[in-house]
Amino acid sequence: FDMDGVLADVSGSYRRAILETARTFGEDFAPADVAAAKRLPGSNNDWILTQGLLARRGHQVGLAEVTTRFQEIYEDLADGEGLIPEKDLMQRLAGRMPLAIATGRPRADAERFLRRWGIRDLFRAVICLEDGPGKPDPAPVDLALAELGVQRAWMIGDTVNDIAAARAASVLPLAVVPPGESSVDYPSYLIAAGAGRVLGDLSELEEVLPC
């Protein structure tokens with residue numbers, strides 16, 4: 001699993017932190033601007049994405065400064081993140097097969113979310129920002145496969161970066177539409193990016209996974 005937009009509803013946390021960080025540098029962006037930027041390859045890291053949005057408006061700001069401001073804002077928003085799937089669903093899935101997470105989050109942010117919602121023990125591997133190159137590089141997916149001790153897997157994500165990483169790691173990418181994404185063509189975009197299937201929600205996994 002990817003985390004943001006798949007397990008964690010970040011419409012009021014990471015997405016909002018992008019907007020509020022840019023505002024501290026005197027630039028106002030709309031949620032639609034962030035959504036459009038998120039569709040681009042290489043947009044997995046929200047610190048770099050925020051820096052890039054500012055650069056488009058002529059603000060050349062160092063990544064360290066952007067990151068510091070972003071994290072200060074995010075810390076005030078993190079507790080508002082909701083768990084997207086039902087906890088019971090995740091427990092049933094974990095009972096059927098080994099689960100892993102491949103996320104671009106810093107480990108502290110990922111672990112905090114998983115423990116707050118009581119699902120940390122459901123995942124045998126949690127691959128985070130600190131573990132190596134981020135998606136669309138296949139490294140996070142490859143590392144998750146290695147830690148699970150498997151060669152075949154399905155990767156559930158919500159962006160072109162998740163899909164590209166899965167394909168490069170030779171696993172089947174499935175996709176979901178993240179909360180807050182209002183574009184009616186988003187499922188078509190995910191299919192065009194290489195998703196094998198776009199799920200209406202994660203509960204459909206129980207129908208499509210092998211017995």
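The values are calculated or read from the model by the stated rules, or taken from the named source; none is laboratory data. This structure is a prediction, so every number in the text was calculated from the model and none was measured. When we count neighbours, we look across all protein chains shown, and the Cβ atoms used for this are built from the backbone with ideal geometry, even at glycine. The area values use the complete protein model at the heavy-atom level, side chains included, leaving out ligands, DNA and RNA. Shrake-Rupley method; radii C 1.70, N 1.55, O 1.52, S 1.80 Å.
For the stretch 112-137, the set of residues classified as of a type in the set (A, V, I, L, M) and part of a helix (DSSP H, G or I) consists of 114, 122, 129, listed by residue number.
In this structure, residue 203 does not qualify as touching a residue at least 40 places away in the same chain (Cβ under 8 Å), of a type in the set (Gly, Ala, Ser), open to solvent by 20 Å² or more (accessible area, probe 1.4 Å) and touching a Phe, Trp or Tyr at 6+ places or on another chain (Cβ under 9 Å). Within the stretch 91-122, the set of residues being touching a residue at least 40 places away in the same chain (Cβ under 8 Å) and of a type outside the set (Val, Ile, Thr) comprises 92, 93, 96, 97, 98, 99, 100, 102, 104, 105, 110, 113. Within the stretch 185-208, the residues that satisfy the criterion of being of a type outside the set (Gly, Ala, Ser), under 17 Å from the mean Cα position of the chain (by Cα) and not in a helix (DSSP H, G or I) are 198, 199, 201.
Out of all the residues in the stretch 111-131, is one or more open to solvent by less than 40 Å² (accessible area, probe 1.4 Å), of a type in the set (Phe, Trp, Tyr), under 19 Å from residue 154 (Cα atoms) and out of contact with any Cys (no Cβ under 7 Å at 6 or more places or on another chain)?
The answer is yes, given that some residue of the stretch 111-131 is open to solvent by less than 40 Å² (accessible area, probe 1.4 Å), of a type in the set (Phe, Trp, Tyr), under 19 Å from residue 154 (Cα atoms) and out of contact with any Cys (no Cβ under 7 Å at 6 or more places or on another chain).
Among the residues of the stretch 14-26, is there at least one that is of a type in the set (Val, Ile, Thr), open to solvent by 60 Å² or more (accessible area, probe 1.4 Å) and either within 19 Å of residue 128 (Cα to Cα) or touching a residue at least 40 places away in the same chain (Cβ under 8 Å) (or both)?
Checked the stretch 14-26: at least one residue is of a type in the set (Val, Ile, Thr), open to solvent by 60 Å² or more (accessible area, probe 1.4 Å) and either within 19 Å of residue 128 (Cα to Cα) or touching a residue at least 40 places away in the same chain (Cβ under 8 Å) (or both).
So, residue 92, is that one within 28 Å of residue 125 (Cα to Cα), open to solvent by 50 Å² or more (accessible area, probe 1.4 Å) and within 18 Å of the chain's Cα centre (by Cα) or not? Against the criterion (within 28 Å of residue 125 (Cα to Cα), open to solvent by 50 Å² or more (accessible area, probe 1.4 Å) and within 18 Å of the chain's Cα centre (by Cα)), residue 92 does not qualify. Against the conditions (1) open to solvent by less than 50 Å² (accessible area, probe 1.4 Å); (2) farther than 26 Å from residue 47 by Cα; (3) of a type outside the set (D, E, K, R), residue 154 satisfies every one except (1). A single member of 32, 37 is more than 17 Å from the chain's Cα centre (by Cα) and hydrophobic (A, V, I, L, M, F, W, C), and it is 32.
Residue by residue, here is whether (1) charged (D, E, K, R); (2) closer than 30 Å to residue 208 by Cα; (3) crowded, with 17+ Cβ neighbours inside 10 Å holds:
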site: 2; (1), (2), (3): yes, yes, yes
site: 11; (1), (2), (3): no, yes, yes
site: 44; (1), (2), (3): no, yes, yes
site: 50; (1), (2), (3): no, no, yes
site: 75; (1), (2), (3): yes, no, no
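Remark: pairs (first residue in the stretch 66-90, more than 15 Å from residue 20 (Cα to Cα) and among the acidic types (Asp, Glu); second residue open to solvent by 80 Å² or more (accessible area, probe 1.4 Å) and in a helix (DSSP H, G or I); Cβ separation under 9 Å; 6+ apart in sequence or on different chains) = 79/116; 81/116. Take the residues of the stretch 162-184 that are within 15 Å of the chain's Cα centre (by Cα), at pLDDT 95 or above and not β-branched (Val, Ile, Thr): which is surrounded by the most Cβ atoms within 10 Å (Cβ to Cβ)? Looking at residues that are within 15 Å of the chain's Cα centre (by Cα), at pLDDT 95 or above and not β-branched (Val, Ile, Thr), I get 162.
Scan the stretch 140-151 and give yes if some residue there is surrounded by fewer than 18 Cβ atoms within 10 Å (Cβ to Cβ), within 17 Å of the chain's Cα centre (by Cα), outside any helix (DSSP H, G or I) and free of Cβ contacts under 8 Å to residues at least 40 places away in the same chain, otherwise no. So far as the stretch 140-151 goes, no, none of its residues is surrounded by fewer than 18 Cβ atoms within 10 Å (Cβ to Cβ), within 17 Å of the chain's Cα centre (by Cα), outside any helix (DSSP H, G or I) and free of Cβ contacts under 8 Å to residues at least 40 places away in the same chain.
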